[in-house]
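The values are calculated or read from the model by the stated rules, or taken from the named source; none is laboratory data. Everything numeric here is computed off the predicted structure, so don't read it as measured data. Positions of Cβ are generated from backbone atoms using ideal geometry, with glycine treated the same way; all protein chains shown enter the neighbour counts.
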Amino acid sequence: MISEQSKGETLALAVATSDERRRVRALVAQRRWKMAEPDAARSKAYATRSSKRGVAASGAEAIQGDTIDYLPTSFLAEGAALRRAVAFIEVNTPREASLGTGFLVSSQLLLTNQHVVNDIAAARAATVTFDRELDEFGRPREMSVFMLDPDRCAVFSPEAELDYALIAVGPRVSGADTLANFGFCPMSDTPDRHVIGMNVNIVQHPRGMRKIVALRNNLLTARRDTKLLYETDTETGSSGAPVFSDTWDVVALHHYGEPMDELDENGKPIPQTVNEGIRISAIVRDLRARIGALPAAARALIEEALRLGDASNVQGGQGGQGAGGRTLGAARPGQGSGGGEAVRSLLSEPANGSSALIAPLTSDANTNAVPKGTTMNTNSDGAVTITVPLEITMRLGNLAAGQLGAQISAAPSGKTLAPKTLTRASEAIKIDADYSNRSGYDAAFVAGENLPLPTMSAKLKQGIAPLRGDQASAASGVLAYQHFSLVLHKMRRMAIYTATNIDGATYLQVDRATGLVSNAEAEKWFKDPRVSDAFTLNQDFYSEWSTYFDRGHLTRRTDPTWGTAEEAERANADTFHFANCSPQHFRFNQTAKFWQGAERYVLENGVIAAGSGNRISVFQGPIFDDSIDLWADDVQIPSSFFKVIVWKSNAGLKSVGLIVDQLPLMSEPRRALGSPTALPNVDVSHWRVAVKTIEKKTGLDFGDAIRTADTIANTAQPVVGAERAVRMQRMDDLLG
């Protein structure tokens, strides 16, 4: 988090530059933005660079023209390629958490703010997530998550100075893509990259959201030796984001934004957000000054990054090429490792298999690779005009405010305007931050039985959210809590399942208000520092979608609260981790009466074998069905939940499966005033089903012992195929 001192310095700079920024705004309003740059040599150099990129006309028009609102379509293509180098950064320790943005400046080095990644310890606790964004169909892309490796390279400039952290990227912990495929943004200190009065473009993860861009409505208004100021009427960008020119050169490292009201030329207040960025040229100069004192490994990595920046300057000056030597259809410094690895064309399809933003490439002997359907004409002066076909599809939904759409869509269609609309397809509780004392679910908990965690189908395994690299068995994704464990799905950002041991003999009631034994619903939920925030739905989601959803426990708050008073209180607090949370309709707890009491009913009526300690184990989680599930923005909402309860009877092991459906509730949004309306026609269905049915619906495998122990075979219900389903009308149906 940025310090108050830094905020004060930014505010002071904004005040000091108020007059010159007002002058720039006035010139832009008069369509004379090119007169805003006071350095004539810089203005000419920038115009020359821009003309070679096709962004501005050549000759005198490049200096005196009144607008550059017209841009070549390559602006979109190059931006689409470079945005992959921008990543979401999360630093999460038991004591603090920070979110931010960063970007690759070579195939191995990531640049962000020092106030995002403070030091080497923070770097070791950080995860870097690429492709945390929606694709062209509004669906989440598959993300690739990496650790940082500060032992190879870590250079920091304090927040009070240049506020940057340049750190080597470490091993991949999830996802399929390699660093070489994300490209990078070369760093340069040449004076032809920006001018006062131009627009800038920011690719960012504001507030930890999926990647967004602020394009061109961001006016560069002031320059100092190490900083640039730019103003925008859009949301403040994320710390550590790259600030690009229209030629997609990185000109600054976004540092901070300060909302403030200023007066226009008529004395009327105008709202502004004055953003401050650290000049990339200042960072390059600082690295050159410090490189001699760095260890050999770090020095080699930084020298490579600086060479790539130098190469972009030399090649950018050659006719017919873009900045950085980025020739259409050819390898570019922003793609590949620079060490002989295979590189991809600027306009090629992303390596993760998702569709590109423009047409696929074709190639022949005369034209390098260009998009299919593209025309290329050579003018008399030697300039080449490229026309790229561009198609935009827009779909307007038929949803009224607060109502559900009538059709099914298998994917989210993006955010809707408030009020939020679903689319188809207590402070007293304290977390024990020493997670080493959590043993989690015990497979041998039920006397004489071995009931391991469920295994998963090959497809489901691909969705496991790994733990941070410093955790034991990080790849397994198993988060161990007091008396229960769970595994998260990295794309759905909810638990695949939870597994809980319940000891009826030592069960203790924990008050929800105080978190103490024998003593309110805690409103405080917690992040788990052992796993990236990118893999859980956190408070932002539940706040934005409170019209429909409560934060619903999977492992119920009272289930693991047994043992000593200390263990019960720790277990109670552990259930308030976001990892154990799922979106449940606000009426779910009122209507799912059999669901809520199933474990207690088995404990009290399951005829548990003498000497077994009155112990049971419970597995539960969401059920996803692409054909009927609803979507809240980019989050697929489970239409139902499962529960499998296992215990030891006098006749041997017994198990029962239960499914409860929340889909019928979704037609009612929560009202802002008054109590929820009655729903006399809504019937939340509870079904007692075969364990095999739950396995088929979820991709989980509970093992032969639990399947064989299934009591569904004892019911006098008709068989549908090889499965049975009993509609529950009373609690006795759970075991009948």
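For segment 201-221, does any single residue satisfy the condition of being part of a strand (DSSP E or B) and at positive phi?
For segment 201-221, residues part of a strand (DSSP E or B) and at positive phi: present.
Against the condition under 30 Å from residue 179 (Cβ atoms), at pLDDT 70 or above and of a type in the set (A, V, I, L, M), how does residue 16 come out, does it pass? Please lay out each step first, then the result.
Details: under 30 Å from residue 179 (Cβ atoms): no; at pLDDT 70 or above: yes; of a type in the set (A, V, I, L, M): yes.
So residue 16 fails the test.
If you check every pair at least six apart or on different chains, which have Cβ atoms under 6 Å apart with a residue in segment 518-539 that is in a loop (DSSP other than H, G, I, E, B) first and a residue that is among the basic types (Lys, Arg) and modelled with pLDDT of 80 or more second?
Once the first residue is in a loop (DSSP other than H, G, I, E, B) and sits in segment 518-539, its partners that are among the basic types (Lys, Arg) and modelled with pLDDT of 80 or more give 530/468; 536/493; 537/493.
Check residue 597 against each of (1) within 16 Å of residue 558 (Cβ to Cβ); (2) in a strand (DSSP E or B); (3) at pLDDT below 90 and name the one condition it does not meet.
So residue 597 meets the others, but not (2).
Take segment 457-474 and flag every residue that is over 19 Å from the mean Cα position of the chain (by Cα) and under 23 Å from residue 577 (Cα atoms).
Those that are over 19 Å from the mean Cα position of the chain (by Cα) and under 23 Å from residue 577 (Cα atoms): 460, 461, 470, 471, 472, 473, 474.
Listed here are the residues, each with its yes/no results for (1) within 25 Å of residue 141 (Cβ to Cβ); (2) modelled with pLDDT of 90 or more; (3) of a type in the set (Phe, Trp, Tyr).
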| site | (1), (2), (3) |
| --- | --- |
| 92 | yes, no, no |
| 102 | yes, yes, no |
| 108 | yes, yes, no |
| 112 | yes, yes, no |
| 115 | no, yes, no |
| 129 | yes, yes, no |
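In segment 199-249, which residues are among the β-branched types (Val, Ile, Thr), within 30 Å of residue 535 (Cα to Cα), at pLDDT 85 or above and touching a helix residue (DSSP H, G or I) at 6+ places or on another chain (Cβ under 8 Å)?
Step one: of segment 199-249, the residues among the β-branched types (Val, Ile, Thr) are 200, 202-203, 212-213, 221, 226, 232, 234, 236, 243, 247.
So of that shortlist, the ones also within 30 Å of residue 535 (Cα to Cα) come out as 202-203, 212-213, 234, 236, 243.
Filter once more, keeping what is at pLDDT 85 or above: 202-203, 212-213, 243.
Of everything in segment 199-249, those that are among the β-branched types (Val, Ile, Thr), within 30 Å of residue 535 (Cα to Cα), at pLDDT 85 or above and touching a helix residue (DSSP H, G or I) at 6+ places or on another chain (Cβ under 8 Å) turn out to be 203, 212, 213.
Going by the conditions given, is residue 652 within 20 Å of residue 487 (Cβ to Cβ) and at pLDDT 80 or above?
Details: within 20 Å of residue 487 (Cβ to Cβ): no; at pLDDT 80 or above: yes.
The answer is no for residue 652.
On the basis of being surrounded by 18 or more Cβ atoms within 10 Å (Cβ to Cβ), assigned by TED's automatic domain parsing to the domain that holds residue 487 and modelled with pLDDT under 90, does residue 591 make the cut? Reasoning before the result, please.
Numbers: surrounded by 18 or more Cβ atoms within 10 Å (Cβ to Cβ): yes; assigned by TED's automatic domain parsing to the domain that holds residue 487: yes; modelled with pLDDT under 90: yes.
So residue 591 passes the test.
Could you figure out which of (1) at pLDDT 85 or above; (2) surrounded by fewer than 18 Cβ atoms within 10 Å (Cβ to Cβ) isn't true of residue 441?
Residue 441 satisfies all of (1) at pLDDT 85 or above; (2) surrounded by fewer than 18 Cβ atoms within 10 Å (Cβ to Cβ) except (2).
Which condition does residue 433 not pass, out of (1) over 27 Å from the mean Cα position of the chain (by Cα); (2) surrounded by fewer than 19 Cβ atoms within 10 Å (Cβ to Cβ); (3) at pLDDT 80 or above, if it passes all the others?
(1)
Given (1) surrounded by fewer than 19 Cβ atoms within 10 Å (Cβ to Cβ); (2) assigned to a loop (DSSP other than H, G, I, E, B), where does residue 449 come up short, assuming only one miss?
(1)
So residue 697 fits all but one of (1) modelled with pLDDT of 60 or more; (2) part of a loop (DSSP other than H, G, I, E, B); (3) of a type outside the set (A, V, I, L, M); what number is the exception?
It is condition (2) that residue 697 fails.
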